[in-house]
1. Could you count how many residues in the stretch 259-273 are over 11 Å from L234 (Cα atoms) and modelled with pLDDT under 90?
2. Closer than 30 Å to V212 by Cβ and of a type in the set (G, A, S): is that true of G95 in this structure?
3. Hey, among L215, L203, which residue is surrounded by fewer than 14 Cβ atoms within 10 Å (Cβ to Cβ), in contact (Cβ under 8 Å) with a residue 60 or more places away in the chain and either of a type in the set (S, T, Y) or closer than 29 Å to V140 by Cβ (or both)?
4. Go through the residues of the stretch 74-81 one by one and say whether even a single one is within 29 Å of R165 (Cα to Cα) and in the same structural domain as I48 (by TED's automatic domain parsing).
5. If I filter the stretch 222-236 down to residues being in a strand (DSSP E or B) and not hydrophobic (A, V, I, L, M, F, W, C), which single residue comes out as farthest from L290 (Cα to Cα)?
6. In the stretch 138-158, what residues are of a type in the set (A, V, I, L, M), farther than 25 Å from V265 by Cβ and buried (at least 18 other Cβ atoms within 10 Å of the Cβ)?
7. Take the residues in the stretch 80-112 that are of a type in the set (K, R) and modelled with pLDDT under 85, then tell me which one is nearest to R69 (Cα to Cα).
8. Just for the stretch 37-73: of the residues that are among the polar types (S, T, N, Q) and within 22 Å of the chain's Cα centre (by Cα), which one is modelled with the lowest pLDDT?
Amino acid sequence: MWPKTRTLIVVVAVTLLVWVLTDLALTGNLTDKALQYRLADPVDSPLIVELVQPADGKLVASFRGSTARINTLASRIATGQFPRPLQIDPNTPVGLRTLSAAQTLGQSFDKDLRGISIARVTPGKIVVKVDKWIRPTVKVSRLEAGSFSAQQVQFEPAEVKITIRHSVWESIAPKHRVLVGRITPGEIAAPADGDKVTVRARLVPQIAGHPVKLLTDTVRAVFHVETTQVRDRLLGISVLYPAQWLREYELVVENKDALKVDLEVEGPPELIESLKAGKLPVAVVLPFTLEDIRPRTATDGPIVREPKVILPAGVKLIRQPEPVRFFLRKRGGG
């Protein structure tokens, strides 16, 4: 009994050793391999998909499998064929979506890579932001007519379709979901008070400051001209400057009262009223230049610069604000 049993044990042991050696010979590892993760461009889809994490699309992964398949995988990674760009289902809801990095990479395995396992992926999660294009109908509500005021305006068509991101559209208050038409003074020769004018107005391709795609570039505008101009003052406008410069440089202003200005302006009554009510933008900007950061001696004195005033078309600045006298000094005494 013992000789037979010992023979059986020896045969099993030898078989097991051969199996282990064979497995070791046919098993390979691909450790901490850098991968570039990409999103596929949606084809015939309204979706907009953006990577949130990792923002640069870089992953580090380790794989195990047969030597032949690991070599095939390494070759595909080197030539940019792995991983395949991720396809997002066109029916995916709008919002943030979190995916398992290992499962997502596993979707790139085909029959030539079958049997490879993923030991580790860093980061372990892939976060994508899903948005989509929509085509709402928007009202054309106002006409910018340059140096005169347009009264009793009628637009034809009164509403047009636009293309805009769903998330942007939802962020805009309903009362601001309107388009503006614009004409230049040169398009109407010497308009007089009360003139009835018909002209093609170009639509401004934005809503509440957000860019949109227009399906119609122009509309027909019919209106009465009002050339009356009024003067008024816009009080306490803060002077803006490039804040990113101030991470490295300190802004020292000698006449600090010049950083808040009153503007005397002239224009059509409705534009002036809209400016005073804050419905139209106005900006006073102090620009910086590279010359401003060069070392200055005591005899150089401060930099003296007039702020730039940005007003809507048709509004004229009567008097330029006081120049600002300032220095830009390197922080930390450098």
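1. Looking only at that region, the number is 5.
2. Judged against the criteria, G95 is a match.
3. Values: L203 fails: surrounded by fewer than 14 Cβ atoms within 10 Å (Cβ to Cβ).
Of the residues listed, the single one that is surrounded by fewer than 14 Cβ atoms within 10 Å (Cβ to Cβ), in contact (Cβ under 8 Å) with a residue 60 or more places away in the chain and either of a type in the set (S, T, Y) or closer than 29 Å to V140 by Cβ (or both) is L215.
4. Kept after step one, since they are within 29 Å of R165 (Cα to Cα), are these residues of the stretch 74-81: none.
Within the stretch 74-81 (the criterion being within 29 Å of R165 (Cα to Cα) and in the same structural domain as I48 (by TED's automatic domain parsing)), the answer is no, since none of the residues qualifies.
5. Once the filter is applied, the top-ranked residue is H224.
6. Hits for the stretch 138-158 are V138, V140.
7. Of everything passing the filter in the stretch 80-112, K111 is nearest to R69 (Cα to Cα).
8. Pass one, the stretch 37-73, residues among the polar types (S, T, N, Q): 45, 53, 62, 66-67, 71-72.
Restricting the remaining residues to those that are within 22 Å of the chain's Cα centre (by Cα) gives 45, 53.
Numbers: S45: 73, Q53: 88.
So the residue we want is S45.
The values are calculated or read from the model by the stated rules, or taken from the named source; none is laboratory data. Nothing here was measured: the structure is a model prediction, and the numbers come from that model. Cβ: placed from backbone, ideal geometry, glycine included. Neighbour counts: every protein chain shown.
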